[in-house]
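The structure under discussion appears below in the form of structure tokens.
The values are calculated or read from the model by the stated rules, or taken from the named source; none is laboratory data. A quick note: this is a predicted structure, and the numbers were derived from the prediction, not measured. All Cβ positions, glycine included, derive from the backbone under ideal geometry; neighbour counts span all protein chains shown.
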Amino acid sequence: MSETISVTSELAGTTLAAILRKHMPGQSWTAIRRFIASRRVRINGDLGLDPARRLKEGDAIELLDRSLPKPPAHDQIAIRHLDEHIVVVEKPAGIPTVRHPAEYEWSPRRRALAPTLDDLVLAQIGKRSPQPKKGPRLRIVHRLDKETSGLVVFARTVAAERGLGRQFRAHTVIRRYLAIVPGVVSSQRIASRLIRDRGDGRRGSATVAGQGKEAVTHVETVERLPGYTMVSCRLETGRTHQIRIHLAELGHPVCGEKVYGRPFGAAHEPDQSGAPRLALHAAELGFVHPITDVSMHWSVPLPADLQAFLERLRGKPCP
């Protein structure tokens, strides 16, 4: 069973290694660094690999009994489309789409310990053709949350970045997600205005007219399960955490949800589903190629972990 250390005001500003050495008396600095490098520390739910990272008050350090799985290799990322201007890939759960700006100065070795999707895709492209005309860089036009799997498109040229950006801003890109949620959910349109802080440091829908940015999600029932529902969510807009917020505020947080599992002001209600991770998958992506004007469309089924979870909820034995 894992153990959690809450960073108090007295510990704020202290390095991860120093906090662990204080918590694990008798361990040498070398042993502490090895423990961190063994992928057995999470900070606020994310893998912590930097012994020199200074923690803030309220941070949660989780010490794990077992090492977290190693990140996928670049050749394990499925590329669905690659040309001179764009690349469409399947993102596995558990890795960020892009690197946090604070990590840009990390050494190549340190990056390899915790790669991002764009790192892995760029490495795979380096072994294939065609190569971009100017510089080995992927340009971000949208992203998926770390624990969300599914389809992502990167631009490889400035022209493609601008063209895709126009389509995302015009809300013409097809983005459909599959989610598994507790309870019975009917098909409906959810519209609200999302703000960065609903009052407890989390994003949510505004309660004051005129605040926030418009967010619209179209929800369709796909399958009713004993105590749960699988829904399809089509994004009309693409705000940060939009689907997760809308479903949680509807009273049906996505199974495996750790951030939006409770409404504002309510006590935390632990997820009882046994989901292996956030049960959200970007199953469909479609847009017009920003250079050739050809309509393009992809769809991918649930990955193995969510499919096994779905089968369990259906009451069928897993293979």
- Message: Looking at (1) in a loop (DSSP other than H, G, I, E, B); (2) touching a residue at least 24 places away in the same chain (Cβ under 8 Å); (3) within 22 Å of Thr148 (Cβ to Cβ), which one does Gly201 not meet, given that it meets all the others?
- Response: (2)
- Message: Kindly evaluate Ile36 against the criterion of being outside the structural domain of Ser149 (by TED's automatic domain parsing), surrounded by 14 or more Cβ atoms within 10 Å (Cβ to Cβ) and in contact with a Gly (Cβ under 9 Å, 6 or more places away or on another chain).
- Response: yes
- Does Gly26 qualify as being at positive phi, without any contact (Cβ under 8 Å) to a residue 24 or more places away in the chain, in a loop (DSSP other than H, G, I, E, B) and not assigned by TED's automatic domain parsing to the domain that holds Gly150? yes
- Note on the structure: Scanning segment 135-166 residue by residue, those among the β-branched types (Val, Ile, Thr) and over 27 Å from Tyr260 (Cβ atoms) turn out to be Thr157, Val158
- Note on the structure: The number of residues in segment 169-194 that are among the hydrophobic types (A, V, I, L, M, F, W, C) and surrounded by 18 or more Cβ atoms within 10 Å (Cβ to Cβ) is 8
- Message: Any residue at all in segment 203-226 that's among the β-branched types (Val, Ile, Thr) and farther than 22 Å from Ser192 by Cα?
- Response: yes
- So which residues in segment 42-61 are outside any loop (DSSP other than H, G, I, E, B) and surrounded by 17 or more Cβ atoms within 10 Å (Cβ to Cβ)? Arg42, Ile43, Leu47, Ile61
- Val152 being touching a Ser or Thr at 6+ places or on another chain (Cβ under 8 Å), surrounded by 20 or more Cβ atoms within 10 Å (Cβ to Cβ) and not assigned by TED's automatic domain parsing to the domain that holds Ala282: yes
